[in-house]
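The values are calculated or read from the model by the stated rules, or taken from the named source; none is laboratory data. Keep in mind the model is a prediction, meaning the values are calculated, not measured. So basically every Cβ, Gly included, is an ideal-geometry build from the backbone, and we count neighbours across all protein chains shown.
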Amino acid sequence: MKFPIAIVLGATVATSTVAFAFSRGSSASRSGSLLSNVRNNCAINSQRTMGASTALRASPAEFAKAEIASSDVVIFSKTYCPYCTATKQLFSGMNIPAKVIELDNMDNGPEVQAALLDISGQRTVPNVFIKGKHLGGNDDSQAAARSGKLQEMLGV
């Protein structure tokens, strides 16, 4: 028998048709081979479907560097951090679009944060990048906005 299945991986759905063979063997061997068949087909198909996705195969450092390069303003944040909230509100209040990456919502958030330490020398969040250059945290962002440095970095 063949059954269509869908596997949700992040925001992408990998679909496949999985063939199941039923035999008169013991239920343990049937369920074991059935599970193995599903795993193998899903793994093969998800590799085909997801092969172009950098986020799934990138190291935490490659992911962070790609995200930093992807937008003029990138904020690595945590949802519960009050300093992160202040930084996000700063950019929002200035009508400056920012790409926000919530590390606490990511399975590999701690690894990405460790990679950011290597990239920026900063261990804490928020960790803000403007046009690929490290700005700093909340205090640095607030000071840059007050002094006009932020607008100068953005060319506004």
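Overview of values
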read-out: Filtered residues of region 84-99 (kept if in contact with a strand residue (DSSP E or B) (Cβ under 9 Å, 6 or more places away or on another chain) and assigned to a helix (DSSP H, G or I)); value: Cys84, Thr85, Thr87, Lys88, Phe91
read-out: Residue match in region 100-110 (condition: within 25 Å of Gly155 (Cα to Cα) and either outside any strand (DSSP E or B) or at pLDDT 95 or above (or both)); value: yes
read-out: Hits in region 121-151 - residues which are in a loop (DSSP other than H, G, I, E, B) and either over 24 Å from the mean Cα position of the chain (by Cα) or on the phi > 0 side of the Ramachandran plot (or both); value: Gly121, Lys131, Gly132, Gly148
